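Presented below is the structure to which this report refers.
All of the numbers you see were taken from the coordinates with simple rules; none came from a lab. Given the structure is predicted, the values throughout are model-derived calculations rather than measurements. Neighbour counts are summed over all protein chains in view; Cβ atoms, including those assigned to glycine, are modelled from backbone coordinates with ideal geometry.
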Amino acid sequence: MSKTNDAKNRTVTLKRTFNAPIELVWEAWTQPNHIVEWWGPKGMNAKVIEHNFKVGGKWKYTMQMPDGNEFISEGMYFEIVEFEKIISSADFKPMTEGVEIQAFFEKNGDQTNFTFNIVHDTEEYCKQQEKMGILNGWGSVFDRLIEHLEVLVK
């Protein structure tokens with residue numbers, strides 16, 4: 001099996017087209033004052049603890065879960081190409097750890113095509129995460145981002 005096929009089997013991909021220009025989508029993804037408005041599933045409020053948006057910089061966000069526990073999201077930026085891609089490590093404690101997240105942005109007129117990959121260490125771990133509902137969780141997050149962008153575009 002080639003490495004390309006191996007990575008494909010370890011990756012969960014979500015795609016969206018946002019009705020907002022790429023500059024605004026980029027800003028919503030990279031600025032803490034926007035991140036707190038959409039990061040996390042519906043019903044959870046995010047706090048930005050750390051946001052050092054540069055290669056080698058760390059990020060850390062927390063969310064209060066309905067049961068009172070804290071959900072921690074954190075990672076380190078590996079690659080940033082303005083208006084194109086952001087690649088970082090990511091731990092979503094206590095559910096998912098040791099993944100890489102890849103956000104790709106593509107200008108499409110006044111819209112932005114967005115591809116989001118979650119790359120797991122193993123195919124087995126990827127399948128386990130899919131069974132736990134990773135697509136629904138991230139789908140809810142991106143629904144919130146769509147709602148946030150709609151407010152900003154008006």
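Below are the figures for this structure:
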{"item": "Cut-off under 5 Å, modelled amide H: who pairs with Ala20 long-range", "result": "Thr112"}
{"item": "Where labels lie 7 Å past Cα in the beta-carbon direction, separation of Thr122 and Val81 in nm", "result": "3.2 nm"}
{"item": "Nearest-0.05 FRET efficiency for Asn69 and Thr30, computed from C-beta distance (R0 30 Å)", "result": "0.60"}
{"item": "Dipole magnitude (debye, nearest 20) for the chain, charges at Cβ of Lys, Arg, Asp, Glu", "result": "120 debye"}
{"item": "Nearest-0.05 FRET efficiency for Val153 and Val48, computed from C-beta distance (R0 22 Å)", "result": "0.45"}
{"item": "R0 of 30 Å, Cβ-Cβ distance Glu23-Trp138: FRET efficiency to nearest 0.05", "result": "0.85"}
{"item": "Residues whose placed amide H lies under 5 Å from that of Val99, excluding near-sequence neighbours", "result": "Ala90"}
{"item": "Calculated from backbone phi, Karplus (6.51, -1.76, 1.60) coupling profile of the range 6-16 in Hz, x at Gly/Pro", "result": "4, 4, 4, 6, 9, 10, 9, 10, 10, 10, 9"}
{"item": "At 1.306 mPa s and 10 °C, Stokes diffusion of the chain via Kirkwood alpha-carbon radius, µm² per second", "result": "99 µm²/s"}
